[in-house]
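> My questions all concern the structure below.
The values are calculated or read from the model by the stated rules, or taken from the named source; none is laboratory data. Note that the structure is a prediction, hence the values are computed from the model and not measured. When we count neighbours, we look across all protein chains shown, and the Cβ atoms used for this are built from the backbone with ideal geometry, even at glycine. These accessible areas exclude ligands, DNA and RNA; they are computed on the full protein's heavy atoms, side chains included. Shrake-Rupley method; radii C 1.70, N 1.55, O 1.52, S 1.80 Å.
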Amino acid sequence: VALAQGDLQAANAALDRAIATRPGNVGVLEGAGSLLMRNNQYAAALKRFTQAAKLEPGNAVYWIDCARAQEALNELGAARASLERAAKLQPRSLVVANMLVLLDLRQGQGHAALSTVDTLLADDPKNPGLLGLKGDVEFALHQAAAAAAAYTEAQKLQPSAELAVKLYQARRTAGLAEPIQPLQQW
């Protein structure tokens, strides 16, 4: 109710009372942070996520949460540091890889993003999520034909409407024959 009324002070006081009933419970901290994130209270959310990460530094989810809040606050260096901690804990996490790649793209480091994806694909070349991510990066780098190739491979492995649309866009942008075909097949 306090958040709906825009009263962050009252909301934080209520969250503090809830947390006090379950001291040391990282789930309550994470829930409070998530509630604050949904209400665009990024600094307050980061405080809760940071508390959770300090209590359970070996849990990648809390570092990912911190990174989401840091990115929303435009604290990109801190977001990268949190994601790198999460990546050490879950080196094969597609969520972490996606976030790191998107952060690279946001910072104009497209080739670093592509290198990250290629490194992950070297270990798991038939991962449709990674292939789709590679297509996303290549499309962002204005390499539409390469993006279409990556999307095609991902679509073969795990067909989806989202990939069909991305494949259509990449094929159309690259000037490839019959760009509508993926949509018709879907």
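> Open to solvent by less than 50 Å² (accessible area, probe 1.4 Å), assigned to a helix (DSSP H, G or I) and either among the β-branched types (Val, Ile, Thr) or within 22 Å of Ile64 (Cα to Cα) (or both) - does that describe any residue in the stretch 137-146?
Yes: the stretch 137-146 contains one or more residues that are open to solvent by less than 50 Å² (accessible area, probe 1.4 Å), assigned to a helix (DSSP H, G or I) and either among the β-branched types (Val, Ile, Thr) or within 22 Å of Ile64 (Cα to Cα) (or both).
> Further question: Between a residue in the stretch 56-80 that is farther than 20 Å from Pro91 by Cα and touching a residue at least 24 places away in the same chain (Cβ under 8 Å) and any residue that is open to solvent by 50 Å² or more (accessible area, probe 1.4 Å) and among the hydroxyl-bearing types (Ser, Thr, Tyr), which pairs come within a Cβ distance under 8 Å, given they are 6 or more apart or on different chains?
Pairs found: Ala69/Tyr42; Ala72/Tyr42; Leu73/Tyr42.
> Another question about this same structure. In the stretch 68-86, what residues are small (Gly, Ala, Ser) and over 16 Å from Leu35 (Cα atoms)?
Here is the first cut: in the stretch 68-86, the residues small (Gly, Ala, Ser) are 69, 72, 77-79, 81-82, 86.
Hits for the stretch 68-86 are Gly77, Ala78, Ala79, Ala81, Ser82, Ala86.
> Another one. May I ask you to list pairs of residues, at least six apart or on different chains, whose Cβ atoms are under 6 Å apart, with the first in the stretch 143-167 being farther than 12 Å from Pro128 by Cα and the second being open to solvent by 30 Å² or more (accessible area, probe 1.4 Å) and hydroxyl-bearing (Ser, Thr, Tyr)?
Ala144/Thr173
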